[in-house]
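The values are calculated or read from the model by the stated rules, or taken from the named source; none is laboratory data. This one's a predicted model, so the numbers in the text were calculated from it and none came from an experiment. Neighbour counts are summed over all protein chains in view; Cβ atoms, including those assigned to glycine, are modelled from backbone coordinates with ideal geometry. Heavy atoms of the whole protein, side chains included, go into the accessibility calculation; ligands, DNA and RNA do not. Shrake-Rupley method; radii C 1.70, N 1.55, O 1.52, S 1.80 Å.
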Amino acid sequence: MGLLPAWRSVVFKNRGSGLGLAAIAYVGVDYFRHLSPRWHERLQPVLWTFLAIAAVIRVPFYKHWSSELRSALPFIFSLIFMLSALLLEAISVRFVTVVLGSDWHNSAQALPDVGQWFLLALNEKLPQTMVNLLRARIIGLHHYLMLFVMLGFSVLFNSIEAPGLGLGARYMFTMGVGRLLRALAFVSTILPSPRPWCASTRYHIPAHPHRWAQKYYVPYATDSYAIRQVIHYDIAYADPGDYHVEFHPNWGLMSFLIDFLRPTPPDGSSPWYHLLKKAGGGCNDLIYSGHMLVSVLTAMAWTEAYGGLSSILIWLLVLHSAQREIRERNHYSVDCVLAIYMGIFLWKLIGIFWPTKDASKKRRLIKLERVQGRLTQAAKDSDIDRVREILKEVELSSQVRQNPKSSAMWLFSGATIFCTITVVLLAFMLTSDG
C-alpha cells in the first residue's frame, strides 16, 4: 500500500531553497557596485569562491553523468545554432543602422510611446522612494545569463532534475530561434530610435542612403502623390538620381558583406567582424527587445525547472527590467511587450518538440501503477525473486525511446536555418542589383 508513495518520494525529491537564496545573494551582492564599490570588490569574490567550491565538492557525488552525456550532442548543436543566429542578428543590426544613412537618423523623429507617457505620469504621482526604486539598475542582461548558469549547475545539488545540459540545450536553441525571428522582424520594417542622437555619437556611417533605399524608399518617403503613384503602378517609377560612391575595403571572400555593413574610410582596412563588435544594439528600434527575450527565457526556465518563491521574484525583476528599458528609452513599449509574449510562446512551443526530461520517470510511474497489484502480492508472499523481476520490468519500461517530437524539433531547426539562408541570399541579390 505504501510502495507507490515511497516510489514517488524517491523520484520527485524535495527541493530546498538553496538555489533561490544563492540567486538573491548574487543579485544583491552585485548591486553593491552602485551602493558601495568597496564592499562589492570584497563580497563578490567571496560569493563566487563559495559557490565554485560547493559545486566542485558535489561533482564526485553526481549520479546522472550518463544522462548528461546523452544530452551533450544536442547541447553542442544548440550552441552552434545560437551562435549562428547571433552572428546573423549582428549583421542585421549593422545593416538597419547604416542602410538609410546618418542624415536620416539625424532628422527622424522618435515614435510616440504611450508607455513612456505613462511612466512619466507615474513619476509625478508616486513617492520619490518608489520612483528611485523603479529607476534603480538592480538587474541587467548579464545577471539573467548568470542566473541561468546557476540554474543549470544546480543539478549537482538535485535542485533541478537532470540533465542540466538538456536544459541548457533547450535554452540556447530557443534563444537562437528567438534571435532569428527578431532579426527578421526589425529588418522587415526599419523604425527610428527612441534616442535620435545615437547614430551620430556612436558610429561612423555614410551620410547618404544605400542605393537600395535611394531607389525604393527616398522618392516615396514624404511625397503623397509619389506614394499614390507607386501604389497604383506597383513599380519604382521615380528617377533615384546618381548613386553615391561607396567605400570598398579589401575583405577578400567576405566582400559580399560590404553592401550590408557599409564601412567608411575612418574604418580603414579593419576586418568585417570589427564592425560587428562595435554594432552593439544598433541605432534603430529593434523590435522586439533582445534583453527582454533573455530575461523572459531565464524566468521561464527557472519557473519550469525550479519554481518556488524565487521564480516569482525573478518575474518581478523581469517586469522591473521592462519598465526600465522603456523609461531609459532603450526600447519602445511595444518591443518589451512583444518580447514577453514571444519569450513565453517560444519556450512553450520548443517545449512541445523538445524531448521531455522526465519522460522516463513518468513511464516508470505508469508502469509501477500497472504492476502495483502483482508487486504487492509478491511482497506478501515474500517472493524476493519475483519482486526483483517486477522492479526490473519497471526499470526496463523507462528506457528512452526515440521521441517523434524530437525528430520534429530537428526538422524544425533545419527548416529555420534553410529559410534564414534563403532570406539572406535574396536580400543579397536585391542589394547587389545595380
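Just a few scattered comments:
- In Hz, Karplus ³J(HN,Hα) per residue of region 65-75 (6.51, -1.76, 1.60; θ = phi - 60°; x = Gly, Pro): 5, 5, 5, 5, 5, 5, 8, 5, 5, x, 5
- The alpha carbon convex hull volume per residue for region 183-228 rounds to 124 Å³.
- For E246, no residue whose modelled amide H falls within less than 5 Å of its own remains once neighbours fewer than 5 places apart on the same chain are excluded.
- Local electrostatic count at F186 - Lys and Arg +1, Asp and Glu -1, tallied over other residues with Cβ under 14 Å: 0
- Environment charge of H204, counting only residues whose C-beta is closer than 15 Å and scoring Lys/Arg +1, Asp/Glu -1: +2
- By accessible area, using a 1.4 Å probe on protein heavy atoms only, region 108-157 has 71% of its surface on carbon and sulfur.
- Restricting region 31-129 to chymotrypsin sites (Phe, Trp or Tyr not before Pro) that sit in a DSSP loop and have at most 16 other Cβ atoms within 10 Å of their own Cβ leaves Y62.
- In this structure, S255 and E393 have a Cβ-Cβ separation that, at R0 = 51 Å, corresponds to a calculated FRET efficiency of about 0.20.
- Taking a ≥ b ≥ c as the square roots of the eigenvalues of the alpha carbon gyration tensor, region 57-131 is oblate, as a/c is not under 1.5 and a/b does not beat b/c.
- Two-site label geometry, Q377 and S270: point separation in nm, points 7 Å out along Cα→Cβ: 7.8
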